[in-house]
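The values are calculated or read from the model by the stated rules, or taken from the named source; none is laboratory data. Everything quoted here is computed from the prediction, not taken from an experiment. Positions of Cβ are backbone-derived with ideal geometry, glycine not excepted, and every protein chain shown enters the neighbour counts. Side chains included, ligands, DNA and RNA excluded: accessible areas come from the protein's heavy atoms. Shrake-Rupley method; radii C 1.70, N 1.55, O 1.52, S 1.80 Å.
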Amino acid sequence: MGLGAGARFTWLGHATFLVETPGRRNLLLDPWVAGNSACPARLRKLPKLDAMLVSHGHFDHIGDTVALAKEHACPVVSNYETACWLKGKGVTTTLEMNKGGTVEVAGVKATMVHADHSCGITDGDAIVYGGEAAGFVVTLENGYRFYFAGDTNLFGDMRLLGEVYKPDLALLPIGGLYTMGPLEASHAVRLLGVKKVIPMHFGTFPALAGKPEELRELCGAKVEVLDLKPGDSVE
Ligand code: NI
Ligand code: MN
């Protein structure tokens, strides 16, 4: 089972991925490592990061962003409001944007796209407005393109994402409860027109009950559902 991406995707569990790009840069998606019980111990020490992408401000996506930004001094891509919050925590390398925009970072192009989700940032006892949750379409140096959905429900404009960006791969949440489950994700696959999917945001907690085999069954034989375990890599 392979992607043919010329890049290595390592799932750190939940929604956190380390992507080693064809240009040998390290990209971290939704940095949640220290508190992420699904992340294998051997992967908690990360290689030198060249950029981070943050889909939204929930703790299980932004959890280690402040610490890692200070350690690695690399650009942190997020929406404007979340970037303002990060700046308030001493992050000096924010790269703020909003939906429809594209930034070039660590040799790749990251386009922020819609997600149907919420985005409150837990800050002490308060919930701080974090802008709107988003996803990213990332184009690697070699043209390979993947869609990282972040946390989202199914939405009809995923068809547009398929038409406009023609992603080679989709990273989709399937756990249910806080995001779509396998049924909704199977329709996301259809709307996006992707043939390869990496499921995420399941199994971390018992409540995130959706399973890759359910998605595989619903999608049929023409779609490759990669059933990674936390710590697994695929190229
Ligand atoms: Ni969330
Ligand atoms: Mn989440």
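Distances between placed amide hydrogens fall under 5 Å for His114 paired with Gly135, all partners being 5 or more residues away or on another chain. Computed from the C-beta positions of Asp232 and Ile127 and an R0 of 30 Å, the FRET efficiency is 0.35 to the nearest 0.05. Remark: for residue pairs Lys99/Lys229; Lys45/Lys222; Lys45/Lys166; Lys195/Lys229, the C-alpha separation exceeds 28 Å in Lys99/Lys229; Lys45/Lys222; Lys45/Lys166. For region 165-175, the Karplus equation 6.51 cos²θ - 1.76 cosθ + 1.60, evaluated at θ = phi - 60°, returns couplings of 9, 6, x, 7, 8, 10, 9, 10, x, 9, x Hz by residue, with Gly and Pro reported as x.
As a length-normalised measure over Cα pairs under 8 Å and 6 or more apart, the relative contact order of region 8-227 settles at 14 percent. Among 90-103, 146-159, 57-70, sorting by the average number of other beta carbon atoms lying within 10 angstrom of each residue, highest first, gives 146-159, 57-70, 90-103.
Note that region 50-64 has calculated 3J(HN,Hα) couplings of 9, 6, 10, 10, 10, 6, 6, x, 5, 4, 7, 10, 10, x, 10 Hz, one per residue in order, obtained from phi through the Karplus relation 6.51 cos²θ - 1.76 cosθ + 1.60 (θ = phi - 60°); glycine and proline are x. Beta-bridge orientation, the chain: approximately 60 percent antiparallel, per DSSP, counting only bridges with both partners inside. Over the chain, the fraction of Cα-Cα pairs per 5 Å bin, rounded to whole percents and listed from the shortest bin up, is 1, 7, 16, 21, 22, 18, 10, 4, 1, 0. Normalised radius of gyration (Cα atoms, divided by 2.2 N^0.38 Å) for region 143-235: 0.99.
Principal-axis analysis of the Cα atoms of the chain puts helix 182-192 at an angle of about 90° to the longest axis. Per-residue extension of 0.36 nm, minus the Cα-Cα distance of Phe59 and Arg44, leaves a gain of 3.7 nm for this segment.
Specify the residue with the greatest mean-square fluctuation among Trp32, Trp11, Trp85, computed from a Gaussian network of the chain linking alpha-carbon atoms under 10 Å apart. Result for the chain, Cα springs under 10 Å: Trp85 fluctuates most. Between amide H atoms placed 1.01 Å from N, distances below 5 Å from Val128 occur with Ile121, Thr122, Asp123, all of them 5 or more places distant or on a separate chain.
With all protein chains kept in place, the per residue accessible area of the chain amounts to 41 square angstrom at a probe of 1.4 angstrom. Between the beta carbons of Ala221 and Glu163, assuming R0 = 25 Å, the FRET efficiency works out to 0.55 to the nearest 0.05.
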